[in-house]
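Trainee: I am attaching a structure below and will ask some questions about it afterwards.
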Amino acid sequence: MKPILKVLFTFGLSIYLLYGCVSKEVSLPVVPMDNKTGYTDHLKNLITKLTEKNPVICSYKSSVIFDYQDEKTKVKMKGLVNKDCDNNGEVVVLGPFGVVLYNAKYKNGVLEISKDNDTLIVNEKTQNKVSEMIRYIHLLNYPGILPDETFAFREEGDKILFHKDNVTIFTEDFNVKKVIFGKITVVYNVENGKIKEITLIQEDKNRYLRIIFN
């Protein structure tokens, strides 16, 4: 329990840092007009290193802690996540003694929800908000995306930023740390090939869902 308590104790600070990192204005890279051959060769080399250091994690079954927050709601829930590499999955919220309070199944793009209304721990409006974020289950892969040769990039020390259209990938020491998909930001904490935390942030709606894997 001590590691979990420590995580929860530092939760407020970590989210503050996440928001600061996400909302800060970022200067996006562009492909240079000169020396395109050298640029492309270097990009290919970077992509190879990223691919080698970030093996895909897309299927897992784990007990988790959900931290959800928006402007009016703040709730922590224990649960389970069961996901396959076809982006089908099941998210279960557990109550006392392991009683299932909320079960969201996402299969072939369809979300099905069942819940125990007699022992509901959060209100209907919050349930709907959480359900909306669960629709982004495909973002719970690690890494959510890797760059290809159509991305522009910029290096700053051991940090590399890749950008294409509405996708921005932030890496450090060739580890994918954060990806912005349009209005959704995904922050990853991966250690030794195992997902420790994934945070989904909808900045335009001021809400986030942080999933801590046990």
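All of the numbers you see were taken from the coordinates with simple rules; none came from a lab. If you're wondering where the values come from, they're calculated on a predicted model, not measured in any experiment. FYI the Cβ positions are ideal-geometry reconstructions off the backbone, even for glycines, and counts take in every protein chain you see.
Trainee: Using a Förster radius of 25 Å, what is the FRET efficiency between Lys105 and Thr51 based on their Cβ-Cβ separation? Nearest 0.05, please.
Mentor: According to the calculation, E is roughly 0.20.
Trainee: Could you work out the local net charge near Gly157, counting Lys and Arg as +1, Asp and Glu as -1, over the other residues with Cβ closer than 10 Å to its Cβ?
Mentor: Residues close to Gly157 contribute a combined charge of -4.
Trainee: Spelling out what I want: for every residue of region 192-202, take phi, set θ = phi - 60°, compute 6.51 cos²θ - 1.76 cosθ + 1.60 (Karplus), and round to whole Hz; glycine and proline get x.
Mentor: 6, x, 10, 6, 9, 8, 9, 10, 9, 10, 9
Trainee: While we're looking at this one, here's another question. Taking the beta-carbon count within 10 Å as an exposure proxy, list His138, His163 from fewest neighbours to most.
Mentor: Details: His138 16, His163 21.
Ascending number of Cβ neighbours within 10 Å: His138, His163.
Trainee: List, in the order given, every pair from Lys83/Lys164; Lys53/Lys183; Lys44/Lys205 whose Cα-Cα distance in the structure shown is over 32 Å.
Mentor: Cα-Cα > 32 Å for Lys44/Lys205; rest within.
Trainee: If packing is taken as the average count of other Cβ atoms within 10 Å, what order do 83-93, 40-50 fall into, highest mean first?
Mentor: 83-93, 40-50
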